[in-house]
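Notes follow the structure.
No lab work stands behind these numbers, since they all come straight from the coordinates. All values reported here derive from a predicted model rather than from experimental measurement. Because the Cβ atoms are built from the backbone with ideal geometry, glycine has one as well, and the counts that use them run over all protein chains shown.
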Protein chains: 2
Amino acid sequence: MEHSGTGDPRETLRLLWRENQVRSGRGRPPKVSLAKIVEAAVAVADQDGLDAMTMDKVAAALGVGTMTLYTHVPGKAELLDLMVDAAWRELDLVPAGDWRAQVEHYARQTSNLHERHPWLRGVSTVRPPLGPGLFARQDFLLSALAGTGLPAAQASAAVDAIVTFVEAAAGAQAEHRQAETLSGQSTADWWTDRQVFWEEIFDPDRYPAITQSWQDGGFDRTAAQATTHAFTLGLKALLDGIAAMTSQH
Amino acid sequence: MEHSGTGDPRETLRLLWRENQVRSGRGRPPKVSLAKIVEAAVAVADQDGLDAMTMDKVAAALGVGTMTLYTHVPGKAELLDLMVDAAWRELDLVPAGDWRAQVEHYARQTSNLHERHPWLRGVSTVRPPLGPGLFARQDFLLSALAGTGLPAAQASAAVDAIVTFVEAAAGAQAEHRQAETLSGQSTADWWTDRQVFWEEIFDPDRYPAITQSWQDGGFDRTAAQATTHAFTLGLKALLDGIAAMTSQH
DNA sequence: TTCCATTCCGTAGATCGTACGGTAATGTTT
DNA sequence: AAACATTACCGTACGATCTACGGAATGGAA
């Protein structure tokens, strides 16, 4: 797992929050800018995965020497921070409807976001980049949950629980598709390659509940469908449970 | 994010499911065994993180040349698969109580597991190693959810939703502690380093809900506490929601 | 004793991030 | 116009890392 939040704090915060500032006019005119570097890095990661997001490849995508990047960004860790916040800023979070509709809107937006940027799943979210994207999301969800009337401590925990579930479920969903493009092998083919498992290794007596569920048609046709199904059902259950808490206060 | 399930299928399945087989007696006597390699790799990752789990370091921990490992394991990807399944096999899943007690038992066990092996968070769970650990977990949860009386398709989706949430929440919890030991910097110090943010950058007017929640005491004292709080509340809400579904069938 | 299946491992090539120091290009000053 | 200050560009090199290759070592079998 890639870790973010490891660079020099002040410098990273400056890069995250700086407005488009005017150049002093002095010195050599830049061929690239920070924004273009982040954009190129995101494009590489979207296309070929986070492992392929190397300084070499980002520089090549910009038609620039590798070491040029270090003029604009302190290092790869900081670049990752900027990529994450740039992605989060893509969320279109406009309040509409009751708190539940707003959370569901957030969930859909996040699902789409991970679909566009499946590499997000591979970045640690402890010690996240303290940028505009993170705070916009947090403010939106806290504002939505305020509509439940829950006390502040519970509302805050509910937001964190929602974020945890939605990020994980959306990430898993997106990762299925990414695994197919990166490996060049469809999930169906991946399972076909492991057909021997069911034929020669799996012991129905050892796993009766799995066998029973199989016989009862409990398994979705594809792994991606199962993930989507779990996302939908899980979010509904989670929000139902949170709604039930409001009647106790 | 590290990816598993990338190696030769038949070979990996053989390694995952092989019983302790007898040696033929011919050839040079081995200094190491597959089991010891996996054990050492897990120990290195526990101690120093997944990034530090290099073939060099694992071999060194065993007092053996790096290339010796490749006699016993096809490559690093397969070793990772074996590590993950070995970890999952540590779960002590004995059915006791009703379905809800069983799921809560699973959640506690998983939380402890991630605490012992925080690197688990960094391994992709799409295309997982099809080993005994995974199937034991799945069978346990499907068996528990059978107690709800939900139809098979919904029970299966509920299991996936629970796994998604519990893995994410437990992983986040464990990652807090790991971040402290790996970086040598406590979470409190990390925030102190970013104090400037609140003093110079954060704009209360731009994020009213965050500011309001702050004033209402909505934030936990520490990030780790917030994560634990979210885990507890989220699991309760999720299970309440699932329980509510059973009354409709 | 000879053979040989099996394990051990040194070397080397490719791919990373990035420290270092030099080069190039512009506006400003003289 | 010439020199300077400032900024951006980037070639080289070093240390990790995974692993392909092939040879050396070992000890039972023939």
Worksheet item: Shortest first and in nm to one decimal, what separations exist between A:Arg206 and its copies in the other chains, measuring from label points 7 Å along the Cα-to-beta-carbon line?
Response: 5.6
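Work out the length of the dipole vector of the stretch A:88-246 about its Cα centre, built from +1 on the beta-carbon of each Lys and Arg and -1 on the beta-carbon of each Asp and Glu, and round it to the nearest 20 debye. Working shown, then result.
Values: 12 positive and 19 negative charges, 120 e Å.
Approximately 580 debye in magnitude.
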Worksheet item: If one takes the longest principal axis of the Cα atoms in chain A, at what angle in degrees, from 0 to 90 and to the nearest 10, does the Cα axis of helix A:152-183 lie?
Response: 90
Response to the item:
Shielding of B:146-157 by other chains, given as the mean Cβ count within 10 Å, works out to 5
Worksheet entry | Hz values of 3J(HN,Hα) by residue in the stretch B:69-81 - Karplus curve (6.51, -1.76, 1.60), Gly and Pro given as x | 4, 6, 6, 9, 9, x, x, 5, 4, 5, 4, 5, 4
Practice prompt. Using θ = phi - 60° and the Karplus relation 6.51 cos²θ - 1.76 cosθ + 1.60, list the HN-Hα couplings for the stretch B:227-238 in order, rounded to whole Hz, with x at every Gly or Pro.
Written response: 5, 5, 4, 5, 4, 4, 5, x, 5, 4, 4, 4
Worksheet item: When Lys and Arg each count +1 and Asp and Glu each count -1, what net charge do the other residues less than 14 Å away from B:Glu90, Cβ to Cβ, add up to?
Response: -1
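Where does the charge balance sit around A:Ala244 when Lys and Arg score +1, Asp and Glu -1, over other residues with C-beta under 10 Å from its C-beta? Before the final figure, lay out each step's value.
On the way: positive: B:Lys236; negative: A:Asp240, B:Asp240.
Within the 10 Å Cβ shell, the charges total -1.
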Item to complete: Output the Cα-based Rg and Dmax of the protein assembly as shown in Å, rounding Rg to one decimal and Dmax to a whole number.
Response: 23.6, 77
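Which GluC sites (Glu not before Pro) in the stretch B:6-39 pass both tests, a DSSP loop state and at most 13 other beta-carbon atoms within 10 Å? Please list the in-between numbers first.
Values: sites: B:Glu11, B:Glu19, B:Glu39; in loops: B:Glu19.
Sparse-neighbourhood loop GluC sites (Glu not before Pro): B:Glu19.
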Worksheet item: Taking other Cβ within 10 Å of each residue's Cβ, how do B:Leu141, A:Leu34, B:Leu238, B:Leu16 sort, fewest first?
Response: A:Leu34, B:Leu16, B:Leu141, B:Leu238
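Which of A:Leu120, B:Leu145 comes first, and how do the rest follow, when ranked by fewest Cβ neighbours within 10 Å? Walk me through the numbers before you get to the answer.
Working: A:Leu120 23, B:Leu145 26.
So the ranking, lowest neighbour count to highest, is A:Leu120, B:Leu145.
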Response to the item:
In the stretch B:194-249, taking the dipole from +1 charges on Lys and Arg beta carbons and -1 charges on Asp and Glu beta carbons about the Cα centre, the listed residue (B:Thr222, B:Tyr207, B:Leu235) farthest towards the positive end is B:Leu235
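Using Cβ counts within 10 Å as a stand-in for footprinting exposure, how do A:His176, B:His114 rank, fewest first?
Values: A:His176 19, B:His114 24.
The order, fewest Cβ neighbours first, is A:His176, B:His114.
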Worksheet item: Residue by residue through the stretch A:211-226, which ³J(HN,Hα) values in whole Hz follow from phi under the Karplus form 6.51 cos²θ - 1.76 cosθ + 1.60 (θ = phi - 60°), with glycine and proline marked x?
Response: 4, 4, 4, 4, 5, 7, x, x, 9, 5, 4, 10, 5, 5, 4, 4
Response to the item:
Checked chain B with the C-alpha gyration tensor, a ≥ b ≥ c its square-rooted eigenvalues, rounded below a/c of 1.5, otherwise prolate if a/b is larger than b/c and oblate if not; verdict oblate
Item to complete: Just flag the trypsin sites (Lys or Arg not before Pro) in the stretch B:1-78 sitting in loop per DSSP whose Cβ has no more than 14 other Cβ atoms within 10 Å.
Response: B:Arg18, B:Arg23, B:Arg26, B:Lys31
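Find out how many positive minus negative residues lie around B:Leu134, taking Lys and Arg as positive, Asp and Glu as negative, among other residues whose Cβ is under 15 Å from that of B:Leu134.
On the way: positive: A:Arg194, A:Arg206, B:Arg89, B:Arg127, B:Arg137; negative: A:Asp203, B:Asp81, B:Asp85, B:Glu90, B:Asp139, B:Asp160, B:Glu167.
The answer is -2.
Given the -39500 (n - 2.57) contribution per DSSP H run of 4+ residues, what per-residue ellipticity at 222 nm results for the protein assembly as shown, rounded to the nearest 500 deg cm²/dmol?
That comes out to -19500 deg cm²/dmol.
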Worksheet item: If you keep only loop residues by DSSP, which trypsin sites (Lys or Arg not before Pro) in the stretch A:183-249 have at most 10 other Cβ atoms within 10 Å of their Cβ?
Response: A:Arg221
Discussion item. Quick check: the angle from helix A:34-48's long axis to the longest principal axis of chain A, C-alpha only, nearest 10 degrees?
Written reply: 30
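Assuming a ≥ b ≥ c are the square roots of the Cα gyration tensor eigenvalues, decide whether the stretch A:9-87 counts as rounded (a/c under 1.5), prolate (otherwise, with a/b larger than b/c) or oblate. Numbers along the way, then the final one.
Working: a/c = 1.96, a/b = 1.28, b/c = 1.53.
Oblate, because a/c is 1.5 or more while a/b does not exceed b/c.
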Discussion item. Using a Cα-Cα cut-off of under 26 Å, which lysines could be cross-linked to A:Lys57, ignoring same-chain neighbours fewer than 8 residues away?
Written reply: A:Lys31, A:Lys36, A:Lys76, B:Lys76
Discussion item. Treating the point 7 Å from Cα along Cα-beta-carbon as the label, what are the nm separations from A:Gln195 to the other copies, to one decimal?
Written reply: 6.5
